[in-house]
Amino acid sequence: MASFVISECGLKPLPRIYPKPRAAQPLSSSNLRFSRTNQRFNSSFCSSSGINKERNWALRVSAPLRIQPVEEENRAINGGEEFDPAAPPPFKLSDIKAAIPKHCWVKDPWRSVSYVVRDVVAVFGMAAAAAYFNNWLVWPLYWFAQSTLFWALFVLGHDCGHGSFSNNPKLNSVFGHLLHSSILVPYHGWRISHRTHHQNHGHVENDESWHPLPEKIYNSLDNNTKMLRFTLPFPMLAYPFYLWSRSPGKKGSHFHPESDLFVPNERKDVITSTVCWTAMAALLVGLSFVIGPLQLLKLYGVPYLGFVAWLDLVTYLHHHGHEDKLPWYRGKEWSYLRGGLTTLDRDYGLINNIHHDIGTHVIHHLFPQIPHYHLIEATEAAKGVLGKYYREPKKSGPLPLHLLGELLRSMKKDHYVSDTGDIVYYQTDPQLNGGRKS
């Protein structure tokens, strides 16, 4: 099913020249495990029917699941026992897909373009108002609002990268470049690495963004690097550095066509995006001569840094910071479905609509081809199948200030994972928090 999802996104399967798999492994009966309750049911049924043991095993592995019994099996597994989020789910990706209404998969390019128009008008309108008043009482309000809108522009470009903006790849590419280049993001370079993230979500080594550091790599970092990675506000300013040099333990750049991130037939796309990024940077330099560097810093520079903070905050909390420890996988324990179920939904209060419901993230990770304006409905429809594998987000006030506490707690606790084991959890380095190892 993972390969089906990728094809729905309009993404090409990756060539087999990589030392590590980048494409999602197809789901099959051999990837799925069934509950002990279901095994006992099949065993008693087959023995009463006179079916031999070997054939009984085959039936138990390959028998399809219907949507309706999924909720019952969730209750059977978790009713009298403590829920284990690392346990293989009793449902398949196809069960979730079947529960989502058909219209949620329909992409409306006119509706997508209307969101672009809305956000672009707001961006230029606020910039004009801030420049007109040019008052230090106004600037902080402008910086918060404009950085949030820059982040909203990124989300729309993100939809272009997934193909959920429209069914037209050329239209997606044009709007993706306009939106992402305007906020200094190389569209194709990011699109390709983000594809890798979705295809390997929840995998310790193969995931691309905010993945955990294995203990060996963590211990190889100097103290200054550890401090920058786990001490706020520094991790919330990491995105530009990630674009240039990726994460610790990985090599390559989103701007260089020869990077390990890309395959040969993607190099022209990467060059195109790098040229667009360079043109935007040159435009900003030119503007600094027209309006002055200080005015450019106030109108664009500070909102850009705020946008980076939004991006790092939201993307980090999609995969970290839950009150319960969530698993990361390796080897045969990893599957596209199990990895996707470790992602988290977040509530951002009034910001939800502004940044296009990107906090509705679980269904987006499993089915990135669903347009953002259908994610809430699709999530509600899928909850009956997901059961306890879906974690309801904490309700936010008008502003999501509660998430700052969850971010801080995660930064103090989630430092590295074990070098061994196919199911691992974050561990804490007490020395990083001022303590001593025993």
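P(r) tail for the range 365-438, what percent of Cα pairs lie past 15 Å?
Numbers: 1990 of 2701 pairs.
Taking all Cα-Cα pairs of the range 365-438, the fraction more than 15 Å apart is 74 percent.
Could you pull out the trypsin sites (Lys or Arg not before Pro) across the range 311-348 that fall in loop regions by DSSP (anything but H, G, I, E, B) with no more than 14 other Cβ atoms inside 10 Å? Write out the running numbers ahead of the final one.
Values: sites: LYS325, ARG330, LYS332, ARG338, ARG346; in loops: LYS325, ARG330, ARG346.
Filter output for the range 311-348: LYS325.
Please tell me the relative contact order of the range 342-438 in percent, rounded to the nearest whole number, where contacts are Cα pairs under 8 Å and at least six residues apart. Mind showing how you got there, number by number?
Numbers: 94 pairs, mean separation 24.0, N = 97.
Value for the range 342-438: 25 percent.
Could you give the accessible area per residue of the range 219-282, probe 1.4 Å, as a whole number in Å²? Kindly include the intermediate steps, with their values, before the conclusion.
On the way: 3580 Å² over 64 residues.
That works out to 56 Å² per residue.
Residues of the range 135-215: accessible area per residue at 1.4 Å, in Å²? Please list the in-between numbers first.
Values: 2270 Å² over 81 residues.
I get 28 Å² per residue for this part.
Give the shape of the range 113-159 as rounded, prolate or oblate, defined through the alpha-carbon gyration tensor: a ≥ b ≥ c are the square roots of its eigenvalues, a/c under 1.5 means rounded, and otherwise the shape is prolate if a/b is larger than b/c and oblate if not. Please list the in-between numbers first.
Values: a/c = 4.55, a/b = 2.01, b/c = 2.27.
Because a/c hits 1.5 or more and a/b fails to exceed b/c, the range 113-159 counts as oblate.
Roughly to the nearest percent, how much of the accessible area of the range 237-386 is carbon and sulfur, given a 1.4 Å probe? It would help to have the intermediate numbers written out before the result.
On the way: 3900 of 5780 Å².
Percent of accessible area from carbon and sulfur atoms in the range 237-386: 67.
How many percent of the accessible area of the range 183-231 is carbon or sulfur, using a 1.4 Å probe? Please list the in-between numbers first.
Working: 820 of 1530 Å².
The nonpolar share, carbon plus sulfur, comes to 53 percent.
The values are calculated or read from the model by the stated rules, or taken from the named source; none is laboratory data. Predicted, not measured: the structure shown is a model, and the values here were computed from it. Counting neighbours? That spans all protein chains shown, and the Cβs are built from the backbone with ideal geometry, glycine included. To get the accessible areas, we keep the full protein, side chains included, count just its heavy atoms, and leave off ligands, DNA and RNA. Shrake-Rupley method; radii C 1.70, N 1.55, O 1.52, S 1.80 Å.
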